[in-house]
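The values are calculated or read from the model by the stated rules, or taken from the named source; none is laboratory data. In this text, all values refer to a predicted model and were calculated from it rather than measured experimentally. Heads up, the Cβs are rebuilt from the backbone with ideal geometry, glycines too, and the neighbour counts pull from every protein chain shown. We work out accessible area using only protein heavy atoms, side chains counted, and drop any ligands, DNA or RNA first. Shrake-Rupley method; radii C 1.70, N 1.55, O 1.52, S 1.80 Å.
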Amino acid sequence: MVASGSFDTTIILWQLGESTNAVLDWTPRKRRSVCYLTFSPDGLRVLSRSCTRQCRIWDVDAGAELGRLENSSEAIWSPDGAFLASFVDRARRIRMWHGQTYTELYTLPISALHILFSSNGRQLFTWDSVRFSVWDVASGLLIRTGHTHSPCALLSAQGALAAVLTDVAI
């Protein structure tokens, strides 16, 4: 399945391999352009973000709105779908949300440019061009921090810091 969002405020889900591709076509109540989409790990929900920084979670089958992440952008799901992490303001602070009820759990006391869950979903890795941090998802407690010289970093499949790059050639 492929999701597409548009400046005309619609979100369309396309079922690949079917003769009729448009599965759902819904328009948010307030006309806001759709700038970002991501599926939940189980594929049953899709998160949309408007260009005015409002995230909504939708039921794929019914097209119904399930919840909102207020003042959020660029949200990502944990691998098991139990959590959502999002940037919550222009300072790029990170907020953790419950993945089923969409209630706020906590806000991390830092700003970052990038966020990534470990493959087991137990840690959240945040980084920018100066530092990286590893957080315990369940508690929001800092596990480890360090300095970087580049906004490029990797996590191993086991969730350990594998590399922080200092020079990037494209």
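I need the full set of residues from segment 117-139 which are surrounded by 14 or more Cβ atoms within 10 Å (Cβ to Cβ), under 15 Å from Tyr106 (Cβ atoms) and among the aliphatic types (A, V, I, L, M), in order please.
Listed by number, the residues that qualify are Leu124, Val137.
Which residues, counting only those in segment 140-165, are outside any strand (DSSP E or B), at pLDDT 60 or above and surrounded by 12 or more Cβ atoms within 10 Å (Cβ to Cβ)?
If the condition is that a residue be outside any strand (DSSP E or B), at pLDDT 60 or above and surrounded by 12 or more Cβ atoms within 10 Å (Cβ to Cβ), then Gly140, Thr148, Cys152 are the ones that fit.
Those residues that are modelled with pLDDT under 90, open to solvent by less than 20 Å² (accessible area, probe 1.4 Å) and assigned to a strand (DSSP E or B), I need them from segment 87-114; list them, please. Step through it out loud before you land on a result.
Kept after step one, since they are modelled with pLDDT under 90, are these residues of segment 87-114: 87-93, 109-114.
Adding the requirement that they be open to solvent by less than 20 Å² (accessible area, probe 1.4 Å) leaves 87-88, 112.
Passing the criteria: only Phe87.
Quick check: is even one residue across segment 107-116 closer than 19 Å to Asp42 by Cα and among the hydroxyl-bearing types (Ser, Thr, Tyr)?
Checked against the condition, which is being closer than 19 Å to Asp42 by Cα and among the hydroxyl-bearing types (Ser, Thr, Tyr), segment 107-116 yields no hits at all.
I'd like the full set of residues that are open to solvent by 60 Å² or more (accessible area, probe 1.4 Å), in contact with a strand residue (DSSP E or B) (Cβ under 7 Å, 6 or more places away or on another chain), within 24 Å of Ala138 (Cβ to Cβ) and in a loop (DSSP other than H, G, I, E, B), limited to segment 51-78.
Residues satisfying the conditions do not exist here.
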